[in-house]
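Before any comments, here is the structure.
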Number of protein chains: 2
Amino acid sequence: MADIRIGIIGIGNMGSSHAKHLNEGVVPGAKLVAVCDVRDERLTWATENLGKKVRTYENTEAFYAAAAELDAVIIATPHYDHPPLAIEGFGHNLHVLTEKPAGVYTRQVREMNEVAAKSDKTFCIMYNQRTDGTHQKVKELVESGELGEIKRTNWIITSWYRSQSYYDSGGWRATWAGEGGGVLLNQCPHNLDLWQWMCGLPKRVRAFCSFGKYHDIEVEDDVTAYVEYENGATGLFITSTGEAPGTNRLEITGDRGKLVMEGGNLTFHRTRVGEREFNRTHTGGFGGPEVWKCDIRAGRSGGAHVGIMKNWISAIQNGTKLLSPGEEGIRGLQLGNAMLLSAWTDDWVNIPVDEDLYYEKLQERIKNSTSKKKTAKGKTLDTKGSY
Amino acid sequence: MADIRIGIIGIGNMGSSHAKHLNEGVVPGAKLVAVCDVRDERLTWATENLGKKVRTYENTEAFYAAAAELDAVIIATPHYDHPPLAIEGFGHNLHVLTEKPAGVYTRQVREMNEVAAKSDKTFCIMYNQRTDGTHQKVKELVESGELGEIKRTNWIITSWYRSQSYYDSGGWRATWAGEGGGVLLNQCPHNLDLWQWMCGLPKRVRAFCSFGKYHDIEVEDDVTAYVEYENGATGLFITSTGEAPGTNRLEITGDRGKLVMEGGNLTFHRTRVGEREFNRTHTGGFGGPEVWKCDIRAGRSGGAHVGIMKNWISAIQNGTKLLSPGEEGIRGLQLGNAMLLSAWTDDWVNIPVDEDLYYEKLQERIKNSTSKKKTAKGKTLDTKGSY
């Protein structure tokens, strides 16, 4: 089977990392043949580091004009450009792997998903944390029913500390026009994706966000979100870039006990009988079900970014199942958009989010931005420092 | 100095425990001389277990009619009766120690506090968890400034599991008329008190309560409350009687790091420099302040219920400082009332709570109660199984 010929748009931090991996041959069946970046210095880097066989393009027009020589594209640009560049890729009959997040607002991502659905191409999103063995084990324990029906989820994910110098490192950073949000759009997409991947999407959200609370930025850097699921379970998602040291602790409570993921450890506090059954049958007044503390050993990690690329190439070549289908990228974004919209409107927000209302409210913020940072219009592919 | 002559109203679980302790002489300077209960079997118990020197009264009228032979009263009745019985105690020139909570709604507790303030008597509330060495250490680390300015508080206190048989054990339990609330009024008063004692009262609350979610009861058994403090810090309080096993984990984040109290352990993740200073001065983009994980050894526990009684007697006899002044009982109740009112109105609630609105909303619930449990009007002192 012929190697899949890959082009990468955006060779900043993530794009250049993917380029190097592909060039080193760690993804069987894949061959890097082209890269695209609007910054001269990144193209110089490409020429010096990727070899002469990898063609370089200084804009996406030129890149896609040569799409006939590609089978697939990896998009590693700033967030706003993921959907339009993915749509263009499908238009050129290419398989697409996009960096996270899927986009900035759900309307553009829905449009991308519709184009993807009509194509026969393989669409993947770089939710590399889905390859993590512990994350997979949590999902498996929930889905297999071991934990019983979920009652409550609680993720304190405040370990995204950033100092002002981080935000000052790129003019597009932490602006409504440049990134379309703060911690929810830049640092947390993995967590929002994992949360819905493990526990499903809630039906409504009531969130409290602070904007520029700990930094001289206009977007959110502190979030507390309360959610309610269809079955009546509740959930919390707490994040911040202003706490040091932060916490990364996920607790999921179900009828059969409690899962706690923290510090790389996974503990299942398992009840010997279901709580609902105990509640019905116990006659002793005080007291609860017997609980066993079980240390759960998770499987090995599935290779992070390289793992996602391998999985994508295998799906293209062999039709195997995608671990992180591109169409699912909209789910975590629903959560992030709902949290911001709830804070902006000081009200409940149902999921799916009203995509037109969200777009309108976002445009207001772009229009009224007082950020001193100006996003240069011509620098749409500036991925410097993206994480 | 003459012993303080004490009478106890209500000798159910807690009252009988206090009576036994006093009778055993573990509280220096205090002498149990009278008990009061509306239940014959409790008075029989008193006669058989407390000796003939302890007088028994079958109602509060008779008890208070003999108040001249008392110096102080301990009130261990159901919640609603704490304020009126305390007010009556002050009227008879008695020192007062009331069980928690201070009352059911803030209006009655404010009235009690006003009467207490006008008296020259020593007013104390049984917030015995304030005697705990770990709780005191948390408060001390916050107040001394070691933790720096607080950014976020987060208490997951779901370790209050109760089965249906618990609720069925008393007709007054978990009814609006009998207890005036559920987990916030019965199980959590200690936690609500400690939370405000350590971290102060927030300025407003947005809470989400479920009523009879896990049990056949009409009051709340599941609560998630988000709060905002005057300095901009945020907080969460999560409780439930429907999760097994529950969690008791308090995390307080400040400028100098993070305190975590869980499983009897107290850990201070201390930053070497304050986060705000690091934020201003760091130039490296990524990265955060150096953090030291410090295991904090707390002082010895101060004796729980007996400790509070000793502290109260010492304050009466020697004018020493009260650890748990009765007037402070209203503070935790502000939190509990605010949480319920926020859930009932699906809106923000400022602290202090609008006491008339709260009273009105509570009366609506009592009036519209469909609970099959009927609280016998004459059994106002039924403390059976109180905790």
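Since every read-out is calculated from the coordinates, none of them should be taken as a lab result. These figures come from a predicted structure and were not determined experimentally. Cβ placement follows ideal geometry from the backbone for every residue including glycine, while neighbour counts extend to all protein chains displayed.
Worth a mention:
- For the pair B:Asp168 and B:Thr283 in one chain, pulling the backbone fully straight at 0.36 nm per residue adds 35.2 nm over the alpha carbon distance.
- Summing Cβ point charges (Lys, Arg +1; Asp, Glu -1) relative to the Cα centre of chain A gives a dipole of roughly 660 debye.
- Per residue of A:158-170, other chain Cβ atoms within 10 Å of the residue Cβ number 5 on average.
- Nitroxide proxy distance, nm - points 7 Å out along Cα→Cβ at B:Glu140 and A:Lys52: 7.4
- Here the stretch A:139-249 is treated with +1 on each Lys and Arg Cβ and -1 on each Asp and Glu Cβ, and its dipole about the Cα centre works out to around 200 debye.
- Mean shadow area of the stretch A:1-92, taken as a quarter of the surface of its Cα convex hull (nm²): 5.6
- The charge dipole of the protein assembly as shown, taken about the Cα centre with unit charges on the Cβ atoms of Lys, Arg (+1) and Asp, Glu (-1), comes to about 1300 debye, rounded to the nearest 20.
- Principal semi-axes in Å for the stretch A:196-315 [√(5λ), Cα gyration tensor, largest first]: 32, 24, 16
- Value at 222 nm in deg cm²/dmol, rounded to 500, when DSSP H runs of n ≥ 4 in the protein assembly as shown each add -39,500 (n - 2.57): -10000 deg cm²/dmol
- Rounded to the nearest whole angstrom, the semi-axes of the ellipsoid equivalent to the stretch B:71-166, taken from the Cα gyration tensor as √(5λ), stand at 30, 21, 13, largest first.
- Positive dipole terminus of the stretch A:314-364, leading residue within A:Gly319, A:Gly336, A:Tyr359 (C-beta point charges): A:Gly319
- Rounded tilt (10° steps) of A:106-118 against the dominant C-alpha axis of chain A: 70
- Modelled label positions at B:Val26 and B:Lys321, each set 7 Å beyond Cα in the direction of Cβ, lie 2.6 nm from each other.
- Sorted shortest first, the distances from the B:Gly91 label point to those of the same residue in the other copies are 8.4 nm; each point sits 7 Å from Cα along Cα-to-Cβ.
- Taking every alpha-carbon pair under 8 Å whose residues sit at least 6 apart, chain A reaches a relative contact order of 22 percent.
- For the pair B:Val273 and B:Ser301, a Förster radius of 35 Å applied to the C-beta separation gives a FRET efficiency near 0.55, rounded to the nearest 0.05.
- Residue (of A:Met14, B:Leu50, B:Ile150) at the positive-pole extreme of the protein assembly as shown, dipole from beta-carbon charges: B:Leu50
- A:Lys293-B:Glu230 pseudo-label distance in nm [points 7 Å out on the Cα-to-Cβ vector]: 4.0
- Extreme residue, positive dipole direction of the stretch A:67-130, given options A:Ala76, A:Ile125, A:His92 (C-beta unit charges): A:Ile125
- Most to least packed among A:148-161, A:21-34 [average Cβ atoms within 10 Å]: A:148-161, A:21-34
- Förster radius 25 Å - calculated FRET efficiency between B:Asn13 and B:Glu69, Cβ distance, rounded to 0.05: 0.45
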